[in-house]
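Student: After the C-alpha cells below, expect a handful of questions from me.
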Amino acid sequence: MTTRVADRRPMILRVVMSSFLVLWLIVAAFPFLWTLWGSFKVEGDFFSKADWLNALTGPLTIAETGGSFTSSGYYGAWVQEEFWRAAMNSLTVVVCVVCISLTFGTLGGYALSRSPYRYAFWLLLISLVFRAMPPITLVSGYLLPFFEWNLWGHLPTAIIVLVAINQPFTLWMLTSFFRNIPKDLDESAMMDGCSRFQAFRHVIIPVMWPGVITTGLFSFLLAYNDFAVTAMLLSKENQTMIPKIASFLGTTQTKGNVMFAVSSVISVTAPLFLLVMFFQRQIVSGLTAGAVKG
Amino acid sequence: MADIQLKGLSKRWGSFIGVKAMDLHIADGEFLVLLGPSGCGKTTTMRMIAGLEDATDGDILIGGARVNGLEPKDRDIAMVFQSYGLYPTMSVYENIRFPLKVRKIPQAEHHERVMRAATTVELTEFLDRKPAALSGGQRQRVALARAIVRKPKVFLMDEPLSNLDAKLRVSTRAQIKNLHHELKTTTIYVTHDQIEAMTLADRVVVMSKGVVQQVGTPLEIYDRPANTFVAGFIGNPAMNLLRGEIRGGVFEGRNVRIPGFSGAADGQVHLGFRAEDAAVAQAGEIAAPIYSLELLGDASMATVQAGESLVAIKAPKDFQGRIGEPLAAQIPASLCHLFDAQSGERLRWSAL
C-alpha cells in the first residue's frame with residue numbers, strides 16, 4: 001500500500017475532521033484539566049465569587065501561601081484527614097471484588113456457555129434482572145440483618161455485597177465471551193489428554209485473556225466507583241475513597257474541606273487513566289466482537 | 001493399536017434418533033469410512049467413540065475393553081477436527097507438543113517426537129508460527145501432526161478435508177492414505193464425500209437417518225448396493241433408478257423394456273443400472289427423448305427422460321444429439337440391479 005486511506009481524502013474533509021477531534025478533545029478533557037489545575041489553588045480562588053478567572057490566575061493563593069500553587073489541599077486530605085487509609089481500604093475492596101468476581105465468573109461463565117440445557121439461558125436472564133436493580137434497593141434490605149449479626153461496618157461485608165451485585169454482570173459478559181470460543185477447542189484439548197478443567201485452564205483461558213481483562217476492568221470500576229454500598233455498609237474507619245470524598249463535601253462549614261474533596265477527586269481519577277492506558281489493547285480487543293475466536 | 005466394537009450403539013435426543021442400534025466391528029489397523037449425507041449420524045457415531053457424546057444405549061469396546069464411562073482422555077484416541085481445533089495462543093511447535101505435555105510424557109522425548117511428527121507432515125519450516133499465520137492446508141497438517149505425535153490406539157477424523165480447496169484436498173487425501181499405510185493405526189474417518197470414501201477406505205459404512213445402510217469394501221458398495229439409498233448415493237452420477245414391473249422375466253417401465261430377468265419374481269420393482277454400463281445404439285432396451293447433454297472431456301453424459309425419471313447414459317465424447325431428439329441405448333439385464341418397490345432392498349435373482 002503506497003497511499004493510506006487518510007491521504008486520499010480531500011483537504012477540506014481532513015481539516016474539518018481534525019478540528020472536530022481537537023474540539024472534542026478539549027470538551028472531553030476540560031472538566032478534568034480544570035479540576036486538576038484548581039486542586040493546587042486555595043478554595044477562595046477555585047470557588048471565587050468575584051471573578052471566575054481567579055481560578056486560573058489564583059491571586060488569593062499567592063496572597064495566602066506566597067506561591068501560585070499550593071499542595072495544601074492534598075496535604076489536608078491525605079495526611080490530616082487520613083485519606084491514605086481510605087485509599088488502602090479501596091484497594092482492598094477493589095482487589096478482592098475483582099478477584100472473587102473473576103474466579104466465579106470465569107468458572108460459571110464457562111459452565112453456562114457449554115451447557116446444553118435450557119436453564120442456562122434462564123439463569124442468565126434472571127441474573128440480568130438483578131443487575132438491572134439499583135444497588136440501593138438491595139442494600140436497604142441488608143442493613144437490618146447486618147446490624148443484628150454484627151456484620152455491619154467491616155470490609156469483608158462490603159466486599160461480599162459488591163461481589164453479589166457485580167456477579168450477574170460478570171457472569172453474563174464472560175458467558176458471551178466464552179460462547180465465541182469454538183467448542184472444538186475444548187474438545188481437541190480433551191482428546192489430547194486434558195480433563196475438562198485442564199482444558200479450561202491450559203487452552204480456553206489463554207484465548208479468553210482479553211475477555212477476562214475487559215470484564216475485570218468493569219468489575220474494578222463498579223467496586224472503585226461504588227457509593228451506595230460502601231457509604232451504607234462501612235463504618236467511618238473502614239470507609240473507602242468515594243464515601244470519604246462525599247464526607248469532605250458534607251462539611252462545608254469549615255474552610256478548606258472542599259479543597260480536600262477536589263484534591264482527592266484528582267487522586268481517585270488519576271489511577272483510572274493509568275489503568276485504561278495500560279490495558280488499552282486488551283480492552284479494545286476484548287470489546288471487539290470475534291477477538292477471542294480460535 | 002486396537003480393534004473397535006460397537007454393540008447396539010444408539011443415540012437419542014428426546015424423540016429424535018441420532019444413531020439407531022449400530023453394530024460394527026472395526027478390525028485392528030483398518031481404515032473405516034463413515035459415509036452419508038449430513039444429519040445421518042456419522043459424526044455422532046464418531047463423537048460417541050471419542051467420548052465427546054454419551055451413548056444412550058449400547059456398548060463401545062476398544063481393544064476389548066468397554067470404554068462407555070471413560071473420559072475422552074482415558075480412551076487413548078486422537079482426533080482431527082473439521083475446523084482443526086488448533087490452539088491460537090500457541091505456536092505450531094507448542095500445538096504439536098501439547099498432547100505430550102498434558103499426558104506427562106518425559107520432557108526429554110518431546111523435541112524428538114515433535115520434530116518427527118512435523119517432518120512426517122512437512123511442517124518443519126513453520127514451527128515458530130502461530131496458527132493464524134498459516135494457510136488452511138498447513139493448519140490441517142498441524143492438526144494431523146498433533147494427532148500422530150503420540151501413538152494413540154485409534155485415529156478419528158471428522159471431515160478433515162472439507163475446508164480445503166479442491167486441489168489441496170487431493171494431495172492431503174494422498175498424504176492421509178500414506179500416513180495410514182505407515183502407521184497402521186485403526187482409523188475412523190467421517191465424510192460426506194464419496195470420492196474420499198472410495199479412495200481412502202478399507203471398508204465403507206454408508207449411513208442414512210441414523211441407520212447403517214451397508215457395510216463393505218468400496219467396490220462392493222459400488223457394484224452391489226444393498227438398497228436404493230446406497231444406489232442413489234454412491235457414484236457420480238448416482239445409479240439410475242427406474243420404477244417398473246417384472247412380468248415373465250421381462251422388466252417393463254416407461255420408455256424401457258429389458259428382457260432376461262429369468263429368475264426374478266413377478267411384481268413391482270425398482271430397476272437400477274449405472275450410466276457407464278449402458279451403451280448408445282441404433283436400437284436398444286431404452287428409447288427416450290434427450291433431456292440434456294453434457295461434455296465431460298473423456299465422454300459425454302446424455303440424460304434422457306424415461307417416464308418421470310431422468311436416466312443418465314454415458315456416450316462417446318463425439319456423440320451428437322439435440323435436446324428433444326430420441327435416443328436409444330442398450331443395457332443388458334446382467335448389468336442391472338433390482339430393488340424391492342416397497343422396502344428398496346436389493347432383490348436376488350439368478351443371473352447374479
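The values are calculated or read from the model by the stated rules, or taken from the named source; none is laboratory data. On a predicted model such as this, the values are computed, not experimentally measured, just so you know. Positions of Cβ are backbone-derived with ideal geometry, glycine not excepted, and every protein chain shown enters the neighbour counts.
Student: Whether any residue in the stretch B:20-29 is in contact (Cβ under 8 Å) with a residue 12 or more places away in the chain, basic (Lys, Arg) and more than 14 Å from every other protein chain (Cβ to nearest Cβ) is what I want to check.
Tutor: Of the residues in the stretch B:20-29, the ones in contact (Cβ under 8 Å) with a residue 12 or more places away in the chain are B:20-29.
Those left that are additionally basic (Lys, Arg): B:20.
Those left that are additionally more than 14 Å from every other protein chain (Cβ to nearest Cβ): B:20.
Within the stretch B:20-29, one or more residues are in contact (Cβ under 8 Å) with a residue 12 or more places away in the chain, basic (Lys, Arg) and more than 14 Å from every other protein chain (Cβ to nearest Cβ).
Student: Look through A:177, A:218 and report the one residue that is surrounded by 23 or more Cβ atoms within 10 Å (Cβ to Cβ), in a helix (DSSP H, G or I) and aromatic (Phe, Trp, Tyr). Lay out the reasoning, then the answer.
Tutor: Numbers: A:218 fails: surrounded by 23 or more Cβ atoms within 10 Å (Cβ to Cβ).
So the residue among A:177, A:218 that is surrounded by 23 or more Cβ atoms within 10 Å (Cβ to Cβ), in a helix (DSSP H, G or I) and aromatic (Phe, Trp, Tyr) is A:177.
Student: So how many residues does the stretch B:82-111 have that are within 7 Å of another protein chain (Cβ to nearest Cβ), in a loop (DSSP other than H, G, I, E, B), in contact with an Asp or Glu (Cβ under 7 Å, 6 or more places away or on another chain) and surrounded by fewer than 23 Cβ atoms within 10 Å (Cβ to Cβ)?
Tutor: 1
Student: Any residue in the stretch A:1-27 that is outside any helix (DSSP H, G or I) sitting within a Cβ distance under 9 Å of a residue that is at pLDDT 90 or above? List the pairs, counting only those 6 or more apart or interchain.
Tutor: Short answer, once both residue conditions are applied: A:9/A:17.
Student: Another question about this same structure. Mind checking whether some residue in the stretch A:190-202 is within 14 Å of another protein chain (Cβ to nearest Cβ), over 30 Å from the mean Cα position of the chain (by Cα) and touching a residue at least 40 places away in the same chain (Cβ under 8 Å)?
Tutor: no
Student: Right, another one. State yes or no: is residue A:167 surrounded by fewer than 22 Cβ atoms within 10 Å (Cβ to Cβ), out of contact with any strand residue (DSSP E or B) (no Cβ under 6 Å at 6 or more places or on another chain) and within 30 Å of residue A:148 (Cα to Cα)?
Tutor: Working: surrounded by fewer than 22 Cβ atoms within 10 Å (Cβ to Cβ): yes; out of contact with any strand residue (DSSP E or B) (no Cβ under 6 Å at 6 or more places or on another chain): yes; within 30 Å of residue A:148 (Cα to Cα): yes.
Yes, satisfied.
Student: Right, something else. Of all the residues that make up the stretch A:91-114, how many are of a type in the set (Gly, Ala, Ser) and either outside the structural domain of residue A:229 (by TED's automatic domain parsing) or without any contact (Cβ under 8 Å) to a residue 40 or more places away in the chain (or both)? Can you show your working first?
Tutor: Filtering the stretch A:91-114 down to residues of a type in the set (Gly, Ala, Ser) leaves A:101, A:105, A:108-109, A:111, A:113.
Keeping just the survivors that are either outside the structural domain of residue A:229 (by TED's automatic domain parsing) or without any contact (Cβ under 8 Å) to a residue 40 or more places away in the chain (or both) gives A:111.
Here the count works out to 1.
Student: Quick one: in the stretch B:286-307, of everything that is out of contact with any Gly (no Cβ under 9 Å at 6 or more places or on another chain) and either buried (at least 21 other Cβ atoms within 10 Å of the Cβ) or not assigned by TED's automatic domain parsing to the domain that holds residue B:257 (or both), which residue is modelled with the highest pLDDT? Steps first, please.
Tutor: Narrowing the stretch B:286-307 to residues out of contact with any Gly (no Cβ under 9 Å at 6 or more places or on another chain): B:286-287, B:292, B:294-299, B:301, B:303-305.
From what's left, either buried (at least 21 other Cβ atoms within 10 Å of the Cβ) or not assigned by TED's automatic domain parsing to the domain that holds residue B:257 (or both): B:286, B:304.
On the way: B:286: 88, B:304: 91.
Result: B:304.
Student: Just to verify a result, which residue in the stretch B:134-168, among those that are more than 14 Å from chain A (Cβ to nearest Cβ) and out of contact with any helix residue (DSSP H, G or I) (no Cβ under 8 Å at 6 or more places or on another chain), is nearest to residue B:74 (Cα to Cα)?
Tutor: So the residue we want is B:135.
Student: So which of B:47, B:116, B:12 is within 21 Å of residue B:140 (Cα to Cα) and loosely packed, with under 15 Cβ neighbours inside 10 Å? I'd like the intermediate steps shown before the answer.
Tutor: Numbers: B:47 fails: loosely packed, with under 15 Cβ neighbours inside 10 Å; B:12 fails: within 21 Å of residue B:140 (Cα to Cα).
Exactly one of B:47, B:116, B:12 is within 21 Å of residue B:140 (Cα to Cα) and loosely packed, with under 15 Cβ neighbours inside 10 Å, namely B:116.
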